[in-house]
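*Asks:* This structure is in C-alpha cells; I'll ask about it shortly.
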Amino acid sequence: MAESTSRVAVVTGASRGIGKAVAQRLARDGRHVVLVARSEGPLTDLKASIEAAGGKASVRTCDIADSKAFTTMLEGVASELGRLDILVNNAGITKDGLILRMSDEDWAAVLTTNLTSAFVAARVAARLMMKNRFGRIVNIGSTSGIVGNAGQANYAAAKAGLVGLTKTIARELGGKGVTANVVAPGYIETDMTSVLPDDIKQKIQDMIAVRRLGTPEDIAAAVAYVTSDEAGYLTGQTLIVDGGMTMA
C-alpha cells in the first residue's frame with residue numbers, strides 16, 4: 001500500500017524524550033511534523049536537525065493546559081498548512097505524592113495537562129480529519145494507567161482516562177476514516193527515569209521480560225505504525241510497549 005508523504009502531524013511535548021523521538025521518526029517517514037512545546041529553544045534545534053536530515057518541520061510554542069490558546073494554535077496550523085492528519089498527544093507532567101498528601105491543585109494540574117488537553121486537541125482535530133476522511137489520533141498513555149502506581153493517583157487516573165477517551169473517539173469517528181489509539185509505554189529511558197538509583201533501575205529491569213528499559217525510539221516505532229496509512233483497521237486499542245512487564 002502506497003504511503004502518503006503529504007501528511008501533517010502535530011506532536012505535543014516534542015522538545016525531549018518520547019515526543020522528540022516520535023517527531024524525528026515521523027519526519028523520517030516523510031511527515032511534515034509540527035513541533036509543540038512551551039519552550040521555543042529546544043524545538044528550534046530539533047527543527048534544524050530534522051531539516052538537515054531532509055525532513056519538514058514547523059515550531060509552535062503553547063501551554064497546552066490553556067484550552068483557548070491550544071485550540072487557537074491547532075486551528076492556525078490547519079489554516080496555514082491546509083490539513084491536520086496526525087495528532088500525537090504526548091505532552092504531560094507529573095506531580096507525584098501519596099493520595100493522603102496529594103493536594104487538590106496537584107490533582108487538577110495533572111488531569112488538566114495530561115487528559116483535558118488531549119480532549120481539547122482531539123475536538124479540534126476531529127473536525128479537520130473528518131473533512132478529509134483520514135485521521136490518526138494517538139494518545140500516549142502509560143502502564144500506570146493500566147495497573148496503577150503508588151504515589152501517582154493523579155497521573156494514573158489521567159492515563160486511565162485517556163483509554164476511555166480514546167475508545168469513545170474511535171467509536172464516534174471510525175466511520176469517517178479516523179482512528180484513535182493509545183500507546184502505553186512502560187519504563188523508558190528518559191529524563192524522569194535517569195535520576196533513579198542504580199539499584200532501583202536493576203529491580204525494574206528484573207521485572208521486565210526483555211531485561212532492559214525501553215528507549216524513546218521503541219515508542220516512536222509503535223507510534224509510526226499506528227499513524228500509518230496501513231493501520232486503518234486498528235482503532236480503539238491500547239498498545240502496551242513495556243518489554244513484557246505487565247503481561248496478564
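The values are calculated or read from the model by the stated rules, or taken from the named source; none is laboratory data. Owing to the predicted nature of the structure, the values given are computational and were not obtained by experimental measurement. Positions of Cβ are generated from backbone atoms using ideal geometry, with glycine treated the same way; all protein chains shown enter the neighbour counts.
*Asks:* Output the number of the condition that Arg171 fails; it satisfies all remaining conditions of (1) touching a residue at least 60 places away in the same chain (Cβ under 8 Å); (2) surrounded by fewer than 13 Cβ atoms within 10 Å (Cβ to Cβ); (3) assigned to a loop (DSSP other than H, G, I, E, B).
*Replies:* (3)
*Asks:* Take Met129 and tell me if it is crowded, with 16+ Cβ neighbours inside 10 Å, more than 20 Å from Val182 (Cα to Cα) and in contact (Cβ under 8 Å) with a residue 40 or more places away in the chain.
*Replies:* Details: crowded, with 16+ Cβ neighbours inside 10 Å: yes; more than 20 Å from Val182 (Cα to Cα): no; in contact (Cβ under 8 Å) with a residue 40 or more places away in the chain: yes.
When the stated conditions are applied, Met129 does not pass them.
*Asks:* Check off (1) surrounded by 15 or more Cβ atoms within 10 Å (Cβ to Cβ); (2) modelled with pLDDT under 95; (3) β-branched (Val, Ile, Thr) for Thr5 and give me the number that stays unchecked.
*Replies:* (1)
*Asks:* Among the residues of region 152-161, is any in contact (Cβ under 8 Å) with a residue 24 or more places away in the chain, closer than 21 Å to Ala221 by Cα and surrounded by 15 or more Cβ atoms within 10 Å (Cβ to Cβ)?
*Replies:* Checked against the condition, which is being in contact (Cβ under 8 Å) with a residue 24 or more places away in the chain, closer than 21 Å to Ala221 by Cα and surrounded by 15 or more Cβ atoms within 10 Å (Cβ to Cβ), region 152-161 yields at least one hit.
*Asks:* Considering region 20-30 alone, what residues qualify as being closer than 24 Å to Glu189 by Cβ and either of a type in the set (Val, Ile, Thr) or not in a helix (DSSP H, G or I) (or both)?
*Replies:* Correct list: Val22, Asp29.
*Asks:* Moving on. Hey, does region 198-208 have a residue that's under 30 Å from Arg127 (Cα atoms) and touching a residue at least 24 places away in the same chain (Cβ under 8 Å)?
*Replies:* no
Yes/no matrix, rows are residues, columns are (1) out of contact with any His (no Cβ under 6 Å at 6 or more places or on another chain); (2) without any contact (Cβ under 8 Å) to a residue 12 or more places away in the chain; (3) more than 20 Å from Pro216 (Cα to Cα):
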{"residue": "Val8", "(1), (2), (3)": "no, no, yes"}
{"residue": "Ala23", "(1), (2), (3)": "yes, no, no"}
{"residue": "Arg28", "(1), (2), (3)": "yes, no, no"}
{"residue": "Gly54", "(1), (2), (3)": "yes, yes, yes"}
{"residue": "Phe70", "(1), (2), (3)": "yes, no, yes"}
{"residue": "Ala78", "(1), (2), (3)": "yes, no, yes"}
{"residue": "Gly92", "(1), (2), (3)": "yes, no, no"}
{"residue": "Gly97", "(1), (2), (3)": "yes, no, yes"}
{"residue": "Asn114", "(1), (2), (3)": "yes, no, no"}
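*Asks:* Identify, by number, the condition in (1) closer than 21 Å to Thr227 by Cα; (2) in contact (Cβ under 8 Å) with a residue 24 or more places away in the chain that Lys47 doesn't meet.
*Replies:* Here Lys47 clears every test but (2).
*Asks:* Mind checking which residues of region 175-225 are loosely packed, with under 14 Cβ neighbours inside 10 Å, outside any helix (DSSP H, G or I) and at pLDDT below 90?
*Replies:* Val195, Pro197
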